[in-house]
Structure formats: C-alpha cells, structure tokens
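Engineer: Would you mind keeping the following structure in view while I ask a few things?
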Amino acid sequence: MRILIVYYSKTGRTRRVAKIIKEKLEENGNEVCAHEVKERKDYAKYLLHLNPRLIYDTLIRKRTEIKHIKINLRDYDLLILGSPIWYGTVVPAIRAIIEKFKGIKINTICFTTSDLDRGYSKKFRRLLEGLGYKVIYNFDVVKKEFEKEHILRIKEVIKSSQL
C-alpha cells in the first residue's frame, strides 16, 4: 500500500509522531512518504503562543501561504494528516493543505497533537469531512504520549481498507 503522511510541526512533537507512524507502517511492507508542510513566512520559534501574527492567523482560521510541495494524491492509497492544535484548532498551514487537496477522494486518517485532552481530532475529522474527505480513523496525541494502540489501530484500519 502507498501511504502519504502530510504534517506540520513547529516544536517537533507532530514530526516525532509522523516519524513513528512512518517507521511502523514501513515495517509492514507499506511504501510511505512523509512531507512536512512549511510556511513561506515562518512564525518566530520563541514565545510561540505570544506571537501576534500566529494568534491572529489561527483565531480567524486563516490559511497561511505555504512553500510549494509537489504531491499527486492519486499516487497514494491512504493519506495521513497531522496537525498540532493552536488555540483549539488546527494550524493555518494545515488548513492551506486541506483546502489544496479538497475534493480528491482518498481514505484519510487524521491526528492532532496537543497538551489538552479535548478530542481535537474529532473536530479535525469534521472539518475534513465537511470538505469531502473520507476519514476512516482519527486520534489525539496528548502531551508527549503516543500510544502503541494508535499504531495497532492504524494497521487494522489499513488492513480492513485494502481490497
């Protein structure tokens, strides 16, 4: 199975989760590509949640301008989207990506990383489904805890979605 992981990571937490998923899925013989989304105009590294532009972009649910990445979703069987949560919502760079891919029918798994256990991946899932995505699984990674059960469930979902 050909799998694409697209994620945004400012602090490294979402990147770490995406890397674990990639490694574990490759162990099962899947072909996995991972792409980290980057903004054209990066937010400052320090005092992340006190950055006025970041706060504004996030709260108005702006889609920031991202660096160009060449991806043809038709080359993949499964899309995995990962986003940190800022101010209760997915980050502007991921909003830009999901708008870009909108309308392409592909099985999708989404996950969020956050310090709070508020079920943010369910909100992410509803956002994606509202844009026409076929979301087959969603999960939250709270604080730095990435449960082994997530990998097992992802593998089960992949296996059941193969024809």
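Engineer: Based on what the data block shows, is PHE124 out of contact with any Lys or Arg (no Cβ under 8 Å at 6 or more places or on another chain) and within 21 Å of ILE20 (Cα to Cα)? Give the derivation first.
Structural biologist: Working: out of contact with any Lys or Arg (no Cβ under 8 Å at 6 or more places or on another chain): yes; within 21 Å of ILE20 (Cα to Cα): yes.
So PHE124 passes the test.
Engineer: Does segment 14-31 hold any residues that are surrounded by 21 or more Cβ atoms within 10 Å (Cβ to Cβ) and either of a type outside the set (Ser, Thr, Tyr) or at pLDDT below 80 (or both), and which are they? Before you say what the answer is, go through the steps one by one.
Structural biologist: So in segment 14-31, the residues surrounded by 21 or more Cβ atoms within 10 Å (Cβ to Cβ) come out as 14, 17-18, 21, 25.
Of everything in segment 14-31, those that are surrounded by 21 or more Cβ atoms within 10 Å (Cβ to Cβ) and either of a type outside the set (Ser, Thr, Tyr) or at pLDDT below 80 (or both) turn out to be VAL17, ALA18, ILE21, LEU25.
Engineer: Also, quick follow-up: Pairs, please: C-beta under 6 Å, at least 6 apart or cross-chain, first residue under 20 Å from GLU149 (Cα atoms) and in segment 5-17, second of a type outside the set (Lys, Arg) and part of a helix (DSSP H, G or I)?
Structural biologist: ILE5/ALA18
Engineer: Would you pick out the residues in segment 75-117 that are assigned to a loop (DSSP other than H, G, I, E, B) and in contact (Cβ under 8 Å) with a residue 60 or more places away in the chain? Spell out how you get there, then give the answer.
Structural biologist: Going through segment 75-117, the residues assigned to a loop (DSSP other than H, G, I, E, B) turn out to be 76-77, 87-88, 91, 102-106, 115-117.
Residues satisfying the conditions are TYR76, ASP77, VAL91.
Engineer: Do you know which residues across segment 118-140 are part of a helix (DSSP H, G or I) and more than 19 Å from ILE3 (Cβ to Cβ)? Working first, answer last.
Structural biologist: Here is the first cut: in segment 118-140, the residues part of a helix (DSSP H, G or I) are 120-130.
Passing the criteria: TYR120, LYS122, LYS123, ARG126, LEU127, GLU129, GLY130.
Engineer: Sticking with this one: Any idea how many residues of segment 141-163 are at pLDDT below 75 and either closer than 17 Å to LEU81 by Cβ or not in a helix (DSSP H, G or I) (or both)?
Structural biologist: Looking only at that region, the number is 7.
Engineer: Which pairs turn up if I take residues in segment 29-47 that are more than 30 Å from LYS159 (Cα to Cα) and look for partners that are part of a strand (DSSP E or B) and at pLDDT 60 or above with beta carbon separation below 9 Å, at least 6 apart in sequence or on another chain?
Structural biologist: LYS38/ILE66; GLU39/ILE66; ARG40/ILE66
Engineer: Can you pull out the residues in segment 67-124 that are among the hydrophobic types (A, V, I, L, M, F, W, C), within 22 Å of LEU25 (Cα to Cα) and modelled with pLDDT under 90?
Structural biologist: The initial filter retains those residues of segment 67-124 that are among the hydrophobic types (A, V, I, L, M, F, W, C), namely 69, 71, 73, 78-81, 85-86, 90-91, 93-94, 96-98, 101, 104, 106, 109-111, 116, 124.
Next, only the ones that are within 22 Å of LEU25 (Cα to Cα) stay: 71, 73, 78-81, 106, 109-111.
If the condition is that a residue be among the hydrophobic types (A, V, I, L, M, F, W, C), within 22 Å of LEU25 (Cα to Cα) and modelled with pLDDT under 90, then ILE71, LEU73 are the ones that fit.
Engineer: Can you find even one residue in segment 3-13 that is at pLDDT below 65, farther than 23 Å from GLU129 by Cβ and not aliphatic (A, V, I, L, M)? Quick ask: steps written out before the conclusion?
Structural biologist: Taking segment 3-13 as the starting set, the residues that turn out to be at pLDDT below 65 are none.
No, segment 3-13 contains no residue that is at pLDDT below 65, farther than 23 Å from GLU129 by Cβ and not aliphatic (A, V, I, L, M).
The values are calculated or read from the model by the stated rules, or taken from the named source; none is laboratory data. Remember, it's a predicted structure, so these values are computed and weren't measured experimentally. All Cβ positions, glycine included, derive from the backbone under ideal geometry; neighbour counts span all protein chains shown.
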